[in-house]
Amino acid sequence: MDILFSIFLGIIQGLTEFLPVSSSGHLVIFREVFGFQGTYAGGLFFDTLLHIGTLVSVFIIFFKDIKELVVEFFGLIRDLIKRKKNPIEGKPYRRMLIMLIIATLPMFLMVPFVGVIDRLFQSLLIVGIALLVTGTFLFLSVKIPQGRKDASNAKFRSALFVGFVQMFAVIPGISRSGSTIVAGEATGFTRKFAAKFSFLMSILAILGATVVQIPGVIEERAAEYIVISDPLSTLSGYAADTMITNALALSPAAYIAGIIAAAISGIIAIKYMLRLIDKGKFHYFAYYCWAVGTFAIIANFFLT
């Protein structure tokens, strides 16, 4: 795989991570229909690096907000130690920090179902149906009245509701960004705050996905080391031959190019999304999801 292909993968990762079209759903379609292995063509290590690239884009766009959240985190710890009464009163960023933590908690409920979720990534039919569902949610978002809640007055139970919706976005074809933004609007968030809250939630979601991949990355790197140090060795374990091929597929320049492409395309996607949501045109993506979902369902019957 050359540098141009790495850039292509980075662009796909950055765009689909933040546009409401489900990056995981597209990965399954590319793999099953076109035989394209997505980011895994460069190994789990490359996949992890692309996730880091998308994280960079969130940090760049929301740097001020993230800085305030970090400051308020330490401020909250200080006030709790001092046993200050009502330490979140009059502090919207401190409230938002707690809301983000609450919204992330439901994801832990999915840990026992990791095996089931992995099997969903083998089904084009599931992906197609999920994309139709995503499209329906996006289309209905235009019917939701303008909310008035933001970090200063939103209820914690609203954050929990958004978190439970995000929990179902582990299904390939259900867009994380799309579902959480619509859920935020449905619970009364302003459009601007619903979008900001969703993108800030993505930091923890992407970090979680990266942490989950670490064991596979270590195994992949170990496989590469064994091959280089002892080319005649016999490896065992999950898809060792594939891991070796993937691990050796990219040069350092290609890794860097992919990260940069993911970061830049992520910035473009986030800015475009914020502008579209502010104009109340978020539902336009529904037609794309319906089209791709229908394609996936039809393709499923031809390939099975």
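Please treat every number below as a calculation from the coordinates, not as lab data. Since the structure is predicted, the reported quantities are computational estimates derived from the model, not experimental observations. Methodologically, a virtual Cβ is constructed for each residue, glycine included, from the backbone with ideal geometry; neighbour enumeration extends over all protein chains shown.
Using R0 = 25 Å, the C-beta based FRET efficiency linking ARG275 and VAL70 works out to 0.40. Between PHE121 and any residue 5 or more places off or on another chain, the built amide H atoms are never under 5 Å apart.
Which log10 I(q)/I(0) values, to two decimals, does segment 104-215 give at q = 0.11 Å⁻¹ under the Debye formula with one point per Cα? The Cα Debye sum returns log10 ratios of -0.37.
Which links in LYS64/LYS143; LYS64/LYS279; LYS91/LYS196; LYS67/LYS281; LYS149/LYS281 stretch past 25 Å when you go from one Cα to the other? Let's see the in-between values first.
Values: LYS64/LYS143 32 Å; LYS64/LYS279 23 Å; LYS91/LYS196 17 Å; LYS67/LYS281 30 Å; LYS149/LYS281 20 Å.
Flagged as over cut-off: LYS64/LYS143; LYS67/LYS281.
If you average over every viewing direction, what projected area does the convex hull of the Cα atoms of segment 69-143 give, in nm²?
Values: hull surface 33.7 nm².
Mean orientational projected area (segment 69-143, Cα hull): 8.4 nm².
Between LEU160 and TYR288, what FRET efficiency follows from the Cβ-Cβ distance if R0 is 41 Å, with the result rounded to 0.05? Intermediate values should be presented prior to the final figure.
Working: r = 30 Å, r/R0 = 0.73.
Calculated transfer efficiency: 0.85.
Building the convex hull from the alpha-carbon atoms of segment 130-170 and averaging its projection over directions returns 3.5 nm².
Mean silhouette area of segment 9-155, derived from the convex hull of its C-alpha atoms and averaged over all directions, reads 11.9 nm². Model label sites at LEU207 and PHE121, defined 7 Å from Cα along the beta-carbon direction, differ in position by 2.2 nm.
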